[in-house]
Amino acid sequence: MSAITNHLPTAELQALDAAHHMHPFTAGAELAEKGARVITSAQGVTLTDSEGEQILDAMAGLWCVNIGYGRTELAEAAARQMNQLPYYNTFFQTTHVPAIALAKRLAELVPGDLNHVFFANSGSEANDTNIRLVRHYWASKDKPDKKIIISRHNAYHGSTIGGASLGGMGAMHAQGGLPIPYIAYIDEPNWYQDGGELSPYEFGLERARQLEQKIAELGEDKVAAFIAEPVQGAGGVIIPPDSYWPQIQRICDAHEILLVVDEVICGFGRTGNWFGSDTYAIRPDIMTLAKGLSSGYAPIGASVVSDEIADTIANAGDFNHGYTYSGHPVSAAVALENLRILDEEGIVDKVRKETAPYVAKKWAELADHPLVGEAAIVGLVGSLALTPDKSARAPFAADKGTVGLVCRDFCFANNLVMRHVGDRMIISPPLIISETEIDLMMERVVMSLDQTLARIKSEGLYISGRSKTS
Ligand code: PXG
C-alpha cells in the first residue's frame, strides 16, 4: 500500500476520508459530497490547508490551542518523555514523575484548597469522573441519597454518556436515550435571548434563584452537586450577568451542594485570568480541566478536588474508577511544558492587560453592524448574536442556525475559522494572537458579516421571527 501523505491531491485525500473516516458532529453523507478541508500544518495562529491556503484560526482549534501552534518545546518534551518512559500506569500503588509534577503544579495554579488531581484523557472523561466522585463522596458521608446533579439547559460538558447527560443539549439527548438518571436542569443565564424587559442584573439573579427553587423541589437531601461552565462555550459564548455567580455560590454554600466548575474552555487564560473561577470569584469544590491544559498538543483532562473531598474519598477504601491512560506520562510532560510557557512568557497576564482590551474595543464596535444584536466578549472568548431586528433582540424567521451557517461559510471562504452556534458567531483565538493578527481577524469578520447581510437580503432571509404579539 502506498503511503498517504500531505502530497496527495486534495480530492484523493477527501475521497479516502469520506470512505473511511467518520467525523464528530457531522452529517456524514453531506460532507462526503462536499469533501472535508484538509489541514496540513500550522504555525502561531495560522493553519495551512492542502491547497496552500493560509487560514486564521480564530477558534484555537476547538478552543484549546492557547499557546498557538508550532511550539517545538512541547514536541521535544514529548520526545524526551517517550524515550525515557513512554507509558506506565498509575493504578496499583505506582506513580511516575510527570504525573507527580503535573498534579503538584495544578494544585499551585488552581484557587482555594483544590489540591488533589484525578487524571483523565479529555474533558468528557473528567466529567464522567466527577459524576462518580460526587456521588461516592456523599455515599461515603452516609448520605447515599444525595445523587442528583443539577446542570443547565444548553450547557456542554462532553460527549460520553455521562458528559452528554450532564450537558443540556437537546440534540445530543435525542440520540442514544439520554440523559442518564439523576440529572436535573435549570435554565441558562442567557439575558440576550431570554431576558425580556428585565435588566441583566435582575435577570442574572432570577436565573440563579432557579437553582434554589430546583433544590427545594428535589429536596436538599437528594442533590449532590451543581455543575456549570463559568462562561458557556459551546452553548454560544453566553457570558452571565455579574449578579449570577455570587448568587450561585451563595446557594451552593447554603444548601450543602458541591459546586463543580467546568473550566475546560475557560481555564488556562481564556477569560484573562488563569481560570474562569478567578474572573468570577467562584470557589469550586471540583474543577474540570482539559483543552488548554496541554494547549491541545496531547490529550489530557483532569478533575481537581478540594482537601475535604479528597480526604473523604481517601478514607473510604478503593475508589473503583480510572482510565488506562490516567496521568499518561507523555501527555503530562507536554502539559507541564505548556504550563511553563504560559507562566514564564506571561501569556495570561498579557491577555488580561493588553490583548483582551485591544480586542474588546474592536469587538464592541461590531454592535454597530446592522446584523449584530449583541457583541459580547470576556478575555479572548467572544460572540456576536446575529439578528434581523436589533432593538427587539429578535431571532430570524428562518430555522435557527440558517443564517449562522451562511456566515460561517463566508468566514471559511475568507480564510477565517469562526464557529457558529445557532445564529451566534464565536471567536476563541490562540492567546498569543498579535495586534496585527487581530486587525486581520476583524477585517475578515466584518467582510464576512457584510457578505452575509447581502446574501440573506437577496435570499429573503432578513426577516424577523418575532411576531408583533410575541
Ligand atoms: N466541558 C466543556 C465546557 C467543553 O467545552 C468538554 C467538557 C468535553 O471535553 P472533550 O475533551 O471530551 O471534548 C468540552 C468540549 C464545539 C465543541 O464545537 C466544544 C467542545 C468539544 C467539541 C466541540 O464548540 N467542548
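With contributions of -39500 (n - 2.57) from each DSSP H run of at least four residues, the per-residue ellipticity at 222 nm computed over the chain stands at -12000 deg cm²/dmol. Charged neighbours of residue 79, selected by a Cβ distance under 13 Å, balance to -2 (K, R count +1; D, E count -1). Taking the convex hull of the alpha carbon positions in region 73-344 and averaging its projected area over all directions gives 14.3 nm². Loop-located trypsin sites (Lys or Arg not before Pro) in region 355-426 (DSSP state other than H, G, I, E, B) with a sparse environment of at most 16 neighbouring Cβ atoms within 10 Å: 390, 400.
Net charge of the neighbourhood of residue 348, taken over other residues with C-beta under 12 Å away and scored Lys/Arg +1, Asp/Glu -1, is -2. Between 232, 190, 123, the Cα set farthest toward the positive side of the dipole of region 73-344 (charges on each charged residue's Cβ, about the Cα centre) is that of 123.
Among 418, 442, the order by Cβ neighbours within 10 angstrom, fewest to most, reads 442, 418. Return the percentage of antiparallel bridges among DSSP beta bridges fully within the chain, rounded to the nearest 5 %. Roughly 65 percent of the DSSP beta bridges within the chain come out antiparallel.
Of the GluC sites (Glu not before Pro) found in region 150-255, those that fall in a DSSP loop while having at most 12 other beta-carbon atoms within 10 Å are 197. Scanning the chain for chymotrypsin sites (Phe, Trp or Tyr not before Pro) in DSSP loops with at most 13 neighbouring Cβ atoms within 10 Å leaves 93-470 as the longest stretch between them. Subtracting the Cα-Cα distance of residue 255 and residue 94 from 0.36 nm times their residue separation leaves 54.2 nm of extension gain. In plain terms, if you count all Cα to Cα distances in region 352-405 and split them into 10 Å steps from zero, the share in each step is 25, 45, 24, 6, 0 percent.
Summary of the geometry: region 347-393 and region 12-89, compared by the centres of their Cα atoms, lie 27 Å apart. Lys-Lys pairs in region 73-344 that are eight or more residues apart or on separate chains and whose Cα atoms lie under 22 Å of each other come to 9. Extension gain, residue 201 to residue 139, is 18.6 nm, computed as 0.36 nm per intervening residue step minus the present C-alpha separation.
Model label sites at residue 415 and residue 242, defined 7 Å from Cα along the beta-carbon direction, differ in position by 4.1 nm. Label separation (residue 38 vs residue 62): 2.2 nm, computed from points 7 Å beyond Cα along the C-beta direction. Cβ-Cβ distance of residue 19 and residue 173, R₀ of 30 Å, FRET efficiency by 1/(1 + (r/R0)^6): the value works out to about 0.45. Summary of the geometry: region 416-455 and region 260-275, compared by the centres of their Cα atoms, lie 22 Å apart. Among the GluC sites (Glu not before Pro) found in region 312-362, those both in a DSSP coil and sparsely packed, with 15 or fewer other Cβ atoms within 10 Å of their Cβ, are 345. Amide H contacts for residue 262 (H built 1.01 Å from N in the peptide plane; partners 5 or more residues away or on another chain; cut-off under 5 Å): 228, 229, 288. Could you grab the relative contact order for the chain? Cα pairs under 8 Å, six or more apart, rounded to a whole percent. Result for the chain is 19 percent. Summing Lys and Arg as +1 and Asp and Glu as -1 over all other residues whose Cβ lies under 11 Å from the Cβ of residue 62 gives a net charge of +1.
Semi-axes of the equivalent ellipsoid of the chain are 34, 30, 21 Å, computed as sqrt(5λ) over the eigenvalues of the C-alpha gyration tensor in descending order.
Any read-out appearing in this document is the output of simple, stated calculations on the displayed coordinates, not a laboratory observation. If you're wondering where the values come from, they're calculated on a predicted model, not measured in any experiment. Methodologically, a virtual Cβ is constructed for each residue, glycine included, from the backbone with ideal geometry; neighbour enumeration extends over all protein chains shown.
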